[in-house]
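See structure below.
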Amino acid sequence: MAKQESFPVYRKIIIQDIPYKEDYNINERIQWFARSFGLFGIRDRDKSCFRVFLELLKANLKNEMMTSDELSEQLSLSRASVVHHLNNLIDRGLVINIKSKYKINANSLEGLIDKIWKDSEEIFESLKEIAIQLDKELKI
């Protein structure tokens with residue numbers, strides 16, 4: 001039996017430099033954190049991607065994982081919408097799927113940052129190797 005890869009075929013890391021205000025309350029700080037990873041899109045008017053992330057964060061605090069059906073019911077969202085957002089969160093490395101249950105890809109937000117940092121370093125190393133090869137071929 002072939003081993004299933006733990007990463008999607010591609011990784012999409014979104015990082016936005018958004019001004020942070022020291023007087024944010026806890027909810028505003030969590031929203032700032034989520035916006036920094038692009039969890040608020042123009043089309044996502046009801047902030048459903050953020051709500052999925054937040055629900056998984058709450059489950060993480062209790063050392064639990066959730067199914068897409070549980071998320072759908074808890075958030076009053078269609079399962080299709082939840083699955084769409086879960087796939088985006090997985091592609092970004094923020095969430096993982098273990099036996100049809102979902103969880104944040106680390107035990108803490110700090111751990112999540114460390115994980116994404118490592119992923120981005122791997123991507124940049126790969127890009128650099130290819131750039132070196134291209135420079136040689138183009139004689140730059």
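Under 5 Å from the amide H of VAL95 lie the amide H atoms of ILE90, ASN105, each residue being 5 or more positions distant or on a separate chain, with H modelled from the backbone and absent for Pro and chain starts. Taking Cα centre as origin and charging only the Cβ of basic (Lys, Arg, +1) and acidic (Asp, Glu, -1) residues, the dipole magnitude of the chain rounds to 300 debye.
Under the combined filter of DSSP loop state and at most 14 neighbouring Cβ atoms within 10 Å, the range 58-140 retains these GluC sites (Glu not before Pro): GLU64. Projected onto planes of every orientation and averaged, the convex hull of the alpha-carbon atoms in the chain covers 12.0 nm².
Scalar couplings 3J(HN,Hα) for the range 73-86, obtained by applying the Karplus form with A = 6.51, B = -1.76, C = 1.60 to θ = phi - 60°, are 5, 4, 9, 6, 10, 5, 4, 4, 5, 4, 4, 4, 5, 4 Hz; x denotes Gly and Pro.
Does anyone have the angle between helix 26-36 and the longest principal axis of the chain? Alpha-carbon axes, 0 to 90°, nearest 10? For helix 26-36, the angle is close to 30 degrees.
When LYS101, LYS118, LYS21 are ordered from fewest to most other Cβ atoms inside 10 Å of their Cβ, what list results?
LYS21, LYS118, LYS101
Only helical runs count toward this figure. For the chain, summing -39,500 (n - 2.57) over DSSP H runs of n ≥ 4 and dividing by all residues gives -18000 deg cm²/dmol at 222 nm.
Among the listed pairs LYS58/LYS101; LYS103/LYS128; LYS12/LYS128; LYS12/LYS47, those whose Cα-Cα separation exceeds 25 Å are LYS103/LYS128. Averaging the sequence gap over all C-alpha pairs within less than 8 Å and six or more residues apart, then dividing by the number of residues, gives the chain a relative contact order of 21 percent. GLY93 sits among other residues whose Cβ lies under 9 Å from its own Cβ, and their net charge, with Lys and Arg +1 and Asp and Glu -1, is +2. Axis of helix 48-61 versus longest Cα principal axis of the chain: the two differ by about 80°, to the nearest ten degrees.
Since every read-out is calculated from the coordinates, none of them should be taken as a lab result. This is a predicted model, so every value here is computed, not measured. Counting neighbours? That spans all protein chains shown, and the Cβs are built from the backbone with ideal geometry, glycine included.
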